[in-house]
Amino acid sequence: MLFGTIEVLPARTGSDEGTRGTVVNHRMREVTELVAGEGTWDAGMVDEVRSLFDSLAPEWTATRDHPDRNFPLADALNRGGVEGRTAVELGAGTCISSRVLNGRFERLVAIDLSSEMLTHAVDAAPPMVCADASCLPLADGAVDVLVLQNMFLFPAEVSRCLAADGSLVWVNSRGSETPIHLSTTAVVASLDSVTGSAWHAVTSMVGEATWAVVRRT
Ligand SMILES: C[S@@+](CC[C@H](N)C(=O)[O-])C[C@H]1O[C@@H](n2cnc3c(N)ncnc32)[C@H](O)[C@@H]1O
């Protein structure tokens with residue numbers, strides 16, 4: 001059930017990532033929906049996901065770090081009115097996003113489950129922590145801005161770690177074609193359902209990418 005509200009901003013043009021093919025039956029899509037919907041996340045899934053991204057790590061930056069890659073995230077930060085002193089990127093991968101996150105916050109930390117992803121991080125990477133986003137080594141309310149690009153939504157941990165006026169920045173770089181994808185409605189519904197309170201999203205598109213900035217009402 002959706003208690004929260006969604007404000008849709010005009011779409012912007014942008015270049016597309018180019019990789020095509022339907023992903024509706026992609027295993028990572030299935031895991032995304034299980035995590036955000038039913039809260040399913042067990043040891044087998046941890047091993048499966050970590051192994052997959054460890055194996056993809058050596059070619060991750062070379063195949064994704066193109067000049068337009070961070071346009072959707074930058075647009076979300078700007079038009080979504082995202083401000084704060086402490087930011088954490090969850091599922092940061094090789095920290096390609098740090099190219100637009102660096103310098104915007106007093107403190108920036110990147111977290112990922114895959115040590116191989118962090119080992120292959122770009123030179124601009126912020127301090128990195130290898131940890132599971134289902135059980136974060138962060139104090140309650142410690143984070144002003146949580147950035148999740150193509151990453152699973154663990155709604156209880158997002159809610160626990162975000163400051164009362166904090167922002168969740170959700171980006172799917174290939175929109176609904178992204179394997180790890182949730183619609184803005186699904187993100188708000190997941191947070192509403194787990195926290196029992198209403199969340200508000202501002203959402204838009206840049207080319208094929210979708211983004212949402214989500215806050216408590
Ligand atoms: C599709 S990749 C996206 C990487 C990066 N955000 C990007 O857009 O280039 C998903 C990332 O989330 C990480 N991840 C998956 N489950 C995680 C978890 N439970 N905790 C932390 N990181 C996780 C993976 O290891 C992988 O690096």
(message) Quick check for me: using +1 on Lys/Arg Cβ and -1 on Asp/Glu Cβ, what's the dipole size of the stretch 23-125 about its Cα centre, in debye to the nearest 20?
(response) 420
(request) Report the residue, chosen from Leu182, Leu73, Leu56, that carries the largest GNM mean-square fluctuation when the chain is represented by alpha-carbon nodes joined by springs under 10 Å. (result) Leu56
(request) Measure out, as a whole number of angstrom, how far apart the alpha-carbon centroids of the stretch 32-80 and the stretch 95-122 sit. (result) 12
(message) Tell me the relative contact order for the stretch 49-133 as a rounded percent, counting alpha carbon contacts under 8 Å between residues six or more apart.
(response) 34
(message) Let me make sure I get this right: for the stretch 123-201, a, b and c are the square roots of the gyration tensor eigenvalues over alpha carbons, sorted descending. Under 1.5 in a/c it's rounded, otherwise prolate if a/b > b/c, else oblate. Which is it?
(response) oblate
(request) Give a quick list of trypsin sites (Lys or Arg not before Pro) in the stretch 58-101 that DSSP marks as loop, anything other than H, G, I, E or B, with at most 15 other Cβ atoms within 10 Å. (result) Arg85
(request) Take peptides 187-196, 202-211 and line them up by average Cβ neighbours within 10 Å, highest first, as a rough protection proxy. (result) 202-211, 187-196
(request) For the stretch 144-149, just list the computed ³J(HN,Hα) in residue order, Karplus coefficients 6.51, -1.76 and 1.60, θ = phi - 60°, integers in Hz, with x standing in for Gly and Pro. (result) 7, 9, 10, 9, 10, 10
(message) To check you understand DSSP bridge types, tell me what percent of the beta bridges within the chain (both residues inside) are antiparallel, rounded to 5.
(response) 35
(request) Quote the relative contact order of the chain in percent (integer), defining contacts as alpha-carbon pairs under 8 Å separated by 6+ residues. (result) 30
(request) Work out, step by step, the length gained on full extension between Ala156 and Thr13: first 0.36 nm times the residue separation, then minus their alpha carbon distance; give nm to one decimal. (result) 48.1 nm
(message) Classify the stretch 62-171 from the C-alpha gyration tensor, please: rounded if a/c falls under 1.5, else prolate or oblate depending on whether a/b exceeds b/c.
(response) oblate
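Values quoted throughout were computed directly from the atomic coordinates according to the rules given, and no laboratory measurement underlies them. Computed from a predicted model, the values in this text were never measured in an experiment. Cβ sites come from the backbone with ideal geometry, for glycine too, and all protein chains shown count toward neighbours.
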